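Have a look at the structure below, then the notes.
What follows draws every value from the coordinates through simple rules; no lab data is involved. Fair warning: this is a prediction, and the values are worked out from it, not measured in the lab. Glycine gets a Cβ as well: all are built from the backbone with ideal geometry, and neighbour counts include every protein chain shown.
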Amino acid sequence: MSDVTRDPSAVVTRLRKIKRLLITAHTAPDGDAIGSELGFAELARQFGAATAIFNRDPHPASLAFLPGIESISVVSELPAGFERSFDLAVVLECPDLGRPGFPGLERLPLLNIDHHLDNARYGLLNYLDEEAPAVGEMVLAMAEAGNATVTETMAVNLYAALVTDTGDFRYSNATPRAFSAGARLVTAGARPAEIAEQLWEHNPARVVRLTAAVLGTLELLADGRLAVITCDRAMLEAAGAFPEDTESLVNIPRAIEGVRVAVFLKAFRDGSVRASLRSRAELDVRSVARVFGGGGHRNAAGCTIPGNLAEARHALLETLLPVVGSA
């Protein structure tokens, strides 16, 4: 039977007893996933545990500056016999056990740490707080509850997690709790100006070329309330870019005046399409993503749709247009 808690102290009490930790997060990892993994790993080491981080997909280039990022192993599957090499798997920012992309992960006891409202509570212990602005903030709460030292490197990683998930404190989850956590992390050594420059102003040329190509596909529908952009394999290859370089592109059409929902459709090699959805406060795109087996937050969600770009676009718009049209 699984336990569910919002108390970081309860998690720390159990964590102190664990000696070998496998850490992972969702596929196509973003700043909250990567920053939380690195911050949590450092915290666990302070508690005396050995840690190993495994991700299914590479991180975006914008996160390459994070301290310790070279310790993350990007693998297509977990090492043979992993269940004998670790005592516990820590799964960060994954509402369900399919999100890490590692079948068989459940062969280990699971610690599920997440802030999604629709979390499936799949862990032996589930540390869930839907009011948390980022999972990185939950890791900070654990460090403070355990009287751990929030080092400068931990502060940088957790601050990056916080600012990426709050859109640099611009989204609706930029609550007093988020600003309070940010202040504590700055006190511990995070430098907001330096981190912001690394996150938002260090794009490789290939990302700029790809951005230009993707924005050339822009469609405005529903009297300008819905913006759609797309990316196929040819665009990636022409720009010399990688799938992880597309991480933040959906936010660009969201900034267009009058747009209430932005959609980014990205074709995968396996014949499926990844849809990223962003919306303004009153529109719930999570419910749309759920129709296709996805999920996320009210204003930021995603799903994978079988078929090519044209088929995925048609299927998604059938569900999405009535929602946008009623806004």
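Modelled spin-label separation between residue 270 and residue 319, with each label point placed 7 Å from Cα along the Cα-to-Cβ direction: 1.7 nm.
I want to verify the translational diffusion coefficient of segment 198-327 in µm²/s; compute it with Stokes-Einstein, Rh as the Kirkwood radius over Cα pairs, at 37 °C and 0.692 mPa s. Reported coefficient: 223 µm²/s. Helical content alone sets the calculated 222 nm signal of the chain at -10500 deg cm²/dmol, taking -39,500 (n - 2.57) per DSSP H segment of four or more residues and averaging over every residue.
Given the options 239, 295, 259, identify the residue whose Cα lies farthest towards the positive end of the charge dipole of segment 205-325 (+1 on Cβ of Lys, Arg; -1 on Cβ of Asp, Glu). It is 295. Fraction of C-alpha pairs exceeding 28 angstrom in the chain: 39 percent, rounded to a whole number.
Packing, taken as the mean count of other beta carbons within 10 Å per residue, orders the peptides 286-292, 152-158 from highest to lowest as 152-158, 286-292.
Each of 230, 187 has some number of other Cβ atoms within 10 Å of its Cβ, and from fewest to most they run 187, 230. For residue 84 and residue 257, the FRET efficiency from 1/(1 + (r/R0)^6), where r spans their Cβ atoms and R0 equals 56 Å, is about 0.50.
By count of other Cβ within 10 Å, fewest leading, how are 122, 127 ordered? It would help to have the intermediate numbers written out before the result.
Numbers: 122 18, 127 29.
Ranked by crowding around the Cβ, least crowded first: 122, 127.
Kirkwood Rh, segment 111-214, all Cα pairs: how many Å?
Values: mean 1/r = 0.0668 Å⁻¹.
Final number for the Kirkwood radius of segment 111-214 is 15.0 Å.
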